[in-house]
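Peer 1: Handing you a structure now.
Values in this text are rule-based calculations from the coordinates and carry no lab data. Note that the coordinates shown come from a computational prediction; the quantities given were computed from them, not determined experimentally. Neighbour counts are summed over all protein chains in view; Cβ atoms, including those assigned to glycine, are modelled from backbone coordinates with ideal geometry.
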Amino acid sequence: MSQNQTNTEITIADQTKKFLVKSMYGFQTILAYGLGQRLGIFEYLYGKAQKIEEKVTSISFTLEELSDNLNLDLRYLDAWVHILIACGIFEIDESRERCAKTAPYIYDLLIDHKGMFYVGQMIAGFYSMASNQDIFVEGIKTGQISTINDIPAAEYKGGQLMSARFGSIVERLFAKRCKEDRKKILKETANIIEIGCGYGFNLEGWMKKYKKAKFVGIDIDPNGIDHAKQLIGENNWSDRVELYNIPLEDYITKTDTKFDMAILNMVLHEMNPDDKYRLSVL
């Protein structure tokens, strides 16, 4: 065996580090972060940051502060904070007694849900997958196909938030690459349809960007459409958008509208539902 081959050989120590140490930290991070979201801790820290006038890079807090404001048990909070210190999300703030603060860049990555670097919803999505693993187990054993209604509405909503994060990135790429004549149409009188508009998070971003365009949003999830209608009402956009709880194949038989752009929001699996075709990709 050559020297190069020897240097790249995987050892049992490498595999142990990967599957034991790194997996343990990864799982603990997902679990503890998901708990923090459910308890409202990260939303509380976000609200606290909004009261600070200068640019926020880190947020400090005490256990007593979280306990008093969120009505949480101090003993469990103490254990939770220690886990997140071990995972690198928090660190000790030595400026005050019994005080912790977010580690470098954690505010941008895991707390500021309106910032461009936010990935917290992605981690929360993995957290919800762990709690719904019985659905996957049952599917693998029986071949039964689950539906949206099998997933708790709150957790499916979290998945839509994950999608919206990618949607904002897609919109920026689109705006950068779109031809100038198309940009002009979109900024003036365009008709835009979003297929799979979900809870309206992604649609909201496009509507804020293209303020004169008319939108249609369709989705097969009634809970998502109800939430999207709520968002539309809060923004007073009822005159600019129509929302329908309807499959794509049904909608296209009921409309004569010609759209200038179609947004496919994670619905490619609906475009070709043939299982044999999908399996052939693997």
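Peer 1: Using a Gaussian network for the chain with springs between C-alpha atoms less than 10 Å apart, which of these wobbles most: Gly224, Gly233, Gly205?
Peer 2: Of Gly224, Gly233, Gly205, the Gaussian network model singles out Gly233 as fluctuating most.
Peer 1: May I pose another question? Treating the chain as a set of equal point scatterers at the Cα positions, no solvent, please give the Debye-formula log₁₀ I(q)/I(0) at q = 0.08, 0.09, 0.10, 0.16 Å⁻¹.
Peer 2: -0.48, -0.60, -0.73, -1.30
Peer 1: If contacts are Cα pairs under 8 angstrom and at least 6 residues apart, what is the relative contact order of the chain in percent?
Peer 2: 12
Peer 1: As a test of the formula, what do you get for the chain when each DSSP H run with n ≥ 4 contributes -39,500 (n - 2.57) and the sum is divided by the residue count, at 222 nm and rounded to the nearest 500 deg cm²/dmol?
Peer 2: Counting only the DSSP helices, I get -15500 deg cm²/dmol.
Peer 1: Compute the projected area of the convex hull of the Cα atoms of segment 8-131, averaged over all viewing directions, and report it in nm² to one decimal place.
Peer 2: For segment 8-131, averaging the hull's shadow over all directions gives 9.9 nm².
Peer 1: GNM on the chain, C-alpha springs below 10 Å: top fluctuator among Gln37, Gln133, Gln160?
Peer 2: Gln133
Peer 1: Then there is this: As a test, work out the antiparallel percent of DSSP beta bridges whose residues both lie in the chain, rounded to the nearest 5.
Peer 2: Roughly 30 percent of the beta bridges in the chain run antiparallel, per DSSP.
Peer 1: A follow-up question, please. Among 59-71, 249-261, how do they line up by average Cβ neighbours within 10 Å per residue, starting with the highest?
Peer 2: Per-residue Cβ counts within 10 Å, averaged per peptide and sorted highest first, yield 59-71, 249-261.
Peer 1: Lys214: which lysines have alpha carbons under 19 Å from its alpha carbon, excluding same-chain residues fewer than 8 sequence positions away?
Peer 2: Of all the lysines, those that pass the test against Lys214 - Cα under 19 Å, at least 8 places apart if same chain - are Lys183, Lys184, Lys187, Lys229, Lys254, Lys258.
Peer 1: Hey, another quick one. Would you mind calculating the relative contact order of segment 8-131 from Cα pairs under 8 angstrom and at least 6 residues apart, reporting the percent as a whole number?
Peer 2: Result for segment 8-131 is 27 percent.
Peer 1: Take the alpha-carbon centre of segment 25-48, take the same for segment 208-256, and report the distance between them in whole Å.
Peer 2: 32
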